[in-house]
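All remarks here apply to the structure that follows.
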Amino acid sequence: MVTVYDVAPSRLVAKVAEKLASMGISAPAWVGKVKSGAHRQRLPQQKNFWYLRLASLLRNAYIRGSVGVRSLRTHYGGRKVRGVKPEEKRKAGGSIIRKGLQALEAAGLMEKKKKGRQITPAGRKLLDAVARELSAQG
């Protein structure tokens, strides 16, 4: 049986993003107008950034089991370029992650638990189906 672990993450996230866009999950109005964190120097360049982030959040929940905004901010963070001063690690913005998790909850793909959020059987089924489809393509 093919699972998420058997396919390339970039291909999986791109395909799941297409599926999420077709499911009717709408992006907040501010998504194209804000950076994804303090470490970024410009706005996201992808047109479907919101759906790529949702797919990545879903994949992270599949792999890690339970995720929270705090751990995901660290995961999506990066190095802040500060000119001639040494670079520093910065966390990603929490709002875009929080709203993404809430959108996935509303779609029934994730659920809130006592500590963090977990992927639902419907979310697991979606990711496994896409992984099977990508594996069949080669």
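Every number here is computed from the coordinates shown, using simple stated rules; none is lab data. It should be emphasised that the depicted structure is a prediction, and the values quoted were computed from it without experimental measurement. Cβ atoms come from the backbone with ideal geometry, glycine included; neighbour counts cover every protein chain shown.
Of note:
- Residue check, Ala14 touching a strand residue (DSSP E or B) at 6+ places or on another chain (Cβ under 6 Å) and either aromatic (Phe, Trp, Tyr) or touching a residue at least 24 places away in the same chain (Cβ under 8 Å) (or both): no
- Pairs are defined by a Cβ separation below 7 Å, a sequence spacing of at least 6 or placement on different chains, a first member in region 19-36 that is closer than 10 Å to Tyr51 by Cβ, and a second member that is among the β-branched types (Val, Ile, Thr) and in a helix (DSSP H, G or I); the pairs so defined are Lys19/Val130.
- Strands (runs of 3 or more DSSP E) contained in region 23-136 and holding at least 2 residues surrounded by fewer than 18 Cβ atoms within 10 Å (Cβ to Cβ): 78-82, 85-90, 110-112
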